[in-house]
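**Student:** My structure is below; once you've seen it, I'll send some questions.
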Amino acid sequence: MRLLAALAFTLAAGSAMAQPPSIPPEVIAAARRTVVMTVPGMDQVAVTKNLPYAGGNDPRIAMDVYRPDGLKPGERRGAVIFIHGGGPPGAPMKEIGAFTSYGRLTAAQGLVGVTFTHRLGFPQGVAEGATDVAAAIAYVRAHAAELNIDPDRICLAAYSAGGAMLAPYVKDAPPWLRCLVAYYPMMDLEGSAQHRASNKAETLAAQSPLRQVAEPGRKAPLYLARAGADEIPELLPGVDRFVAEALRRDHPLTVANNPAAPHSFDLTGPTPRTLEILQETFAFLRRSLGG
């Protein structure tokens, strides 16, 4: 989360990604970092930028949609809605190289990728982030026809602190939700001292996937990628508690462990295991969403 905050601050300093004198060069480089997997056609996708999904006047709370090139009017594809981790207020997280590349990767493989900026911080802003995530999902489904999206074939993919945003959908997945993806996610907010100090107890309970996975309801298949050497305090123990509880309740869960891998391993080096996890993730998405 500290890295994500630095990346977001960098992007907020200038959308053209020019290097401000106060920002270390290594942070600028990290903001440009993209997913280590590539596929043919990533430079040929159609991108619709800056849709005001929340209905407000803040231009920073906006959405980008990445579609396969050449879709005909009325043609529908399954969609992956990417949920970023925590960042400073107003930072355009959807512009980080990680999410622009995930959007292109998704569209190049026949699905629609949706990225958006929301108000989740770290450790604050959990309730605001959850409100924005719900608004983004509602916007995608309401505007599905014009975005070439099948509103009944949607996956939510969350990263880092964004894992907490999956809690309502881990509890009881609506019929349109075909699957979930979580990479090095925050899955136990109630077990995090930082979150307890910055959020109301009822918010932490509602947005803690560990708490919500124990509740009755429809469970969508979940692919969880674990970073074996995650350096974020309290994150990895929470992941392991969530996995144990989900398996105890026979949740349709797939866990992919990346031994000795750091947080954000999908951006930091194309190791054989990292590439295998990324390939498995997109195979899981294609099976779940079609295409």
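**Student:** I'd like to check which strands (runs of 3 or more DSSP E) are fully inside the stretch 41-94 and have at least 1 residues that are within 17 Å of the chain's Cα centre (by Cα).
**Tutor:** Output list reads 63-67, 77-83.
**Student:** Keeping to the stretch 48-82, report how many residues are within 16 Å of ASP150 (Cα to Cα) and among the hydroxyl-bearing types (Ser, Thr, Tyr).
**Tutor:** Residues flagged as within 16 Å of ASP150 (Cα to Cα) and among the hydroxyl-bearing types (Ser, Thr, Tyr) within the stretch 48-82 amount to 1.
**Student:** If you don't mind, there's one more thing I want to ask. In the stretch 113-127, how many residues are polar (S, T, N, Q) and buried (at least 20 other Cβ atoms within 10 Å of the Cβ)?
**Tutor:** 2
**Student:** Additional query: Return the residues of the stretch 214-254 that are among the hydrophobic types (A, V, I, L, M, F, W, C) and in a helix (DSSP H, G or I); say none if nothing qualifies.
**Tutor:** LEU235, LEU236, VAL239, PHE242, VAL243, ALA244, ALA246, LEU247
**Student:** Yes or no: the stretch 145-153 includes at least one residue that is surrounded by fewer than 20 Cβ atoms within 10 Å (Cβ to Cβ), more than 21 Å from ARG286 (Cβ to Cβ) and out of contact with any helix residue (DSSP H, G or I) (no Cβ under 9 Å at 6 or more places or on another chain).
**Tutor:** Yes, the stretch 145-153 has at least one match.
**Student:** From the set of residues in the stretch 27-37 that are touching a helix residue (DSSP H, G or I) at 6+ places or on another chain (Cβ under 9 Å) and at pLDDT below 95, which is surrounded by the fewest Cβ atoms within 10 Å (Cβ to Cβ)?
**Tutor:** ARG32
**Student:** Let me ask another. Restrict the check to the stretch 128-141 and report whether at least one residue is surrounded by fewer than 22 Cβ atoms within 10 Å (Cβ to Cβ) and modelled with pLDDT under 95.
**Tutor:** yes
**Student:** Select, from PRO52, PRO73, PRO40, PRO68, the only residue that is open to solvent by less than 20 Å² (accessible area, probe 1.4 Å), farther than 19 Å from SER160 by Cα and of a type outside the set (A, V, I, L, M).
**Tutor:** It is PRO68.
**Student:** Now a separate question. Among the residues of the stretch 220-242, write down those that are in contact with a strand residue (DSSP E or B) (Cβ under 9 Å, 6 or more places away or on another chain) and either surrounded by fewer than 20 Cβ atoms within 10 Å (Cβ to Cβ) or farther than 21 Å from PHE282 by Cα (or both).
**Tutor:** The answer is PRO221, GLY228, ALA229, LEU235, LEU236, VAL239, ASP240, PHE242.
**Student:** OK, next. Taking ASN257 as meeting all but one of (1) surrounded by fewer than 20 Cβ atoms within 10 Å (Cβ to Cβ); (2) part of a loop (DSSP other than H, G, I, E, B), write down the number of the exception.
**Tutor:** It fails just one condition, (2).
**Student:** If a residue must be of a type in the set (A, V, I, L, M, F, W, C), in contact with a Ser or Thr (Cβ under 9 Å, 6 or more places away or on another chain) and more than 14 Å from MET63 (Cα to Cα), how many such residues does the stretch 94-107 contain?
**Tutor:** 2
**Student:** Out of the residues in the stretch 115-159 meeting the condition of being acidic (Asp, Glu) and outside any strand (DSSP E or B), tell me which one is nearest to the chain's Cα centre (by Cα).
**Tutor:** ASP132
**Student:** Would you point out which residue out of ARG241, ARG226, ARG286 is modelled with pLDDT of 95 or more and under 18 Å from THR38 (Cα atoms)?
**Tutor:** ARG286
**Student:** Going through GLY103, GLY78 one at a time, which residue ends up being touching a helix residue (DSSP H, G or I) at 6+ places or on another chain (Cβ under 6 Å) and either modelled with pLDDT of 95 or more or of a type in the set (D, E, K, R) (or both)?
**Tutor:** GLY78 is the lone residue from the list that is touching a helix residue (DSSP H, G or I) at 6+ places or on another chain (Cβ under 6 Å) and either modelled with pLDDT of 95 or more or of a type in the set (D, E, K, R) (or both).
**Student:** Every residue in the stretch 160-213 that is in contact (Cβ under 8 Å) with a residue 60 or more places away in the chain, open to solvent by 20 Å² or more (accessible area, probe 1.4 Å) and in a loop (DSSP other than H, G, I, E, B), please.
**Tutor:** Those that are in contact (Cβ under 8 Å) with a residue 60 or more places away in the chain, open to solvent by 20 Å² or more (accessible area, probe 1.4 Å) and in a loop (DSSP other than H, G, I, E, B): ALA197, SER198, ASN199, LYS200.
The values are calculated or read from the model by the stated rules, or taken from the named source; none is laboratory data. This is a predicted model, so every value here is computed, not measured. With ideal geometry, Cβ positions are generated from the backbone for all residues, glycine too; neighbour counts draw on all protein chains shown. The area values use the complete protein model at the heavy-atom level, side chains included, leaving out ligands, DNA and RNA. Shrake-Rupley method; radii C 1.70, N 1.55, O 1.52, S 1.80 Å.
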